[in-house]
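One structure is given here, and the rest of the page talks about it.
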Amino acid sequence: MISESMTGETSLHQELEVLSVSKRLVRSLSQKMKRKSHGNVREDEDTNGFSLRCPTLYVRGGGCKVGDEFGDNGCRRRFSTSAEEGKKYKPVCGTGFGIGASTGFWKRSNRKVPAVGSVHVFLPDDIIEMCLVRLPLTSLMKARLVCKKWRSLTTTSRFMQLRRDGCYQTPWLFLLGGVKDGFCSREIHAFDVSFNKWHKVESEVLKGRFLFSVISIRDDVYVIGGCSSLTNFGKLDRSSVKTHKGVLVFSPLTKSWRKVASMKHARSKPVLGVCEVNSDSLIIRSQHNRNDRRMIRTRIGGVSDVYEDPHRLSVRRQHQHETEVKPYRQKSEHSNAKNSRRFLIIAVGGVGSWDEPLESCEIYDSSSNKWMEIQRLPVDLGVVCSGVVCNSMFYVYSEIDNLAVYDMQMGYWVRIQTNALPTRVHEYYPKLISHDKRLFMVSVSWCEGDGQIGRRNKAVRKVWELDFVGYKWNEISTHPDAPMDWNAMFVGDKNLVFGVEMFKIFGQVLDFVTMFDVSDASKSWAHMSRNQVAHELDASSCATKSVAVVHL
């Protein structure tokens, strides 16, 4: 028995010695690995509760055997969380990994990755411009809010020219002159044709002004003439009004306003036309004696009538070349005439300060920023209701179905005799539209009968094209909707014709936007928008509205 007890004690001492040796080996290995890590190992536990000195493995049962068995202070026992206690998971650390080995493992698997916000990427300005110039207008306006640099890059004239040259612009319809709650609305409604969506632009400048005319030139909208109430400012009150002759320019891209030279005569709802010319084209100078004579020339089938003796004709021709028209064809050495372009705005007719129809005409030159009076409207032409520039000639149509054209280079009016159109409904004024040297007119006519209102008569809106060879109007299309708006607006943009109608029916104000492609063989109209704007406006907006189309 004594020998057996001695043998057991000897074996126990041997096992203890082996354990102490293994303990010293583990400690020495850990110290070596610790010295290699340069003392950068964190002694605390990481955020997930894992010990950084010993990579833990989770199994059911057991614990950190290295700490329990050897009592190593470097591997502290980790207290389990409530979630781990519920799952009955306990950390187990194998003896094959020391503190240094776990540290190296943690360093390799937890290398810091630089944050995205800390990486600075600098792009050249020309590349940024190439990216921003392709954005739609709505996205471009949001991009300007990113930083001052993007805003400055997208508001330069060079950037605007890049958008025009690259054909990145899309047509926008601008509806102005609305009336809301009896007051002239400050809102400008803009319709994005490509996305079929309406937008609003607040404008304090238009507050109180109504019955003005608008026209688009490049990226700007020109607001010309108009009226404002003297007693009730901002309200649509025509009892005592002031007629304006000022011209305001609205830039949709920058949402800014500016003023240009005022007209010679105050007028509301003038008939406008615009023509872009070269800088070396003829400069027209008005002469009061020529305006007062108001010469009338007629053209039937493209042939002018001789109405005075040859002597007077030669005198007029000599006087014209000496005083009225001065050629300006010599190019300046310091100017590039190929790139420099200017435009002319012609304003005719309208209503004066005493509600009288005006017969005076004037033209605006953007290069000199001045208005010049030109020859008055021909006698017996009638009140002009529509006009458009086609092939550098300004065509006007009167309420009594007379057509006349103004030659901007020669400076005189010519009456044009055309074929008789079908009986027209005179409450609806015709609208002239031009496209690629083609002249169109939209009017409302009776499709049956002789003009007498009857059961078989039906009023329809038709599109006519003028044949310049025989000066005949030819029907090309019929509008699908019934003509409910007597002041419907039709504007042309390249090969497209946009129509905006607004009318009141059954106590509600409705609006329709239609589009017609002249180059389309089907000659059919398409509806773009229905009842999106007019429900907020008064019925008087049907008479005061103005429409312009701009490529942005």
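The values are calculated or read from the model by the stated rules, or taken from the named source; none is laboratory data. Computed from a prediction, not measured in an experiment: that's the story for all the values here. Cβ atoms come from the backbone with ideal geometry, glycine included; neighbour counts cover every protein chain shown. Heads up: the accessible areas ignore ligands, DNA and RNA and are worked out on the full protein's heavy atoms, side chains in. Shrake-Rupley method; radii C 1.70, N 1.55, O 1.52, S 1.80 Å.
Along the Cα-to-Cβ line of MET484, 7 Å from the Cα, sits a label point; which residues in the stretch 495-526 have backbone N less than 17 Å from it?
Residues 499-515, 526 fall inside that zone.
Residue separation times 0.36 nm, minus the C-alpha to C-alpha distance between ARG158 and ALA543: what's the value?
Working it through step by step, the gained length comes to 134.7 nm.
So how far apart, in nm, are the two label points at ASN369 and CYS447 if each is 7 Å from Cα heading toward Cβ?
For ASN369 paired with CYS447, the spin-label model returns 5.3 nm.
What's the extension gain from LYS504 to SER262 if we count 0.36 nm per residue and subtract their Cα-Cα distance?
Result for the pair: 83.6 nm of gain on full extension.
Compute the normalised compactness of the stretch 125-165: alpha-carbon radius of gyration over 2.2 N^0.38 Å, N being the residue count.
Ratio of Cα Rg to 2.2 N^0.38 Å: 1.01.
Once neighbouring chains are kept in place and the probe is 1.4 Å, which whole percent of the accessible area of the stretch 125-165 is contributed by carbon and sulfur?
Percent of accessible area from carbon and sulfur atoms in the stretch 125-165: 61.
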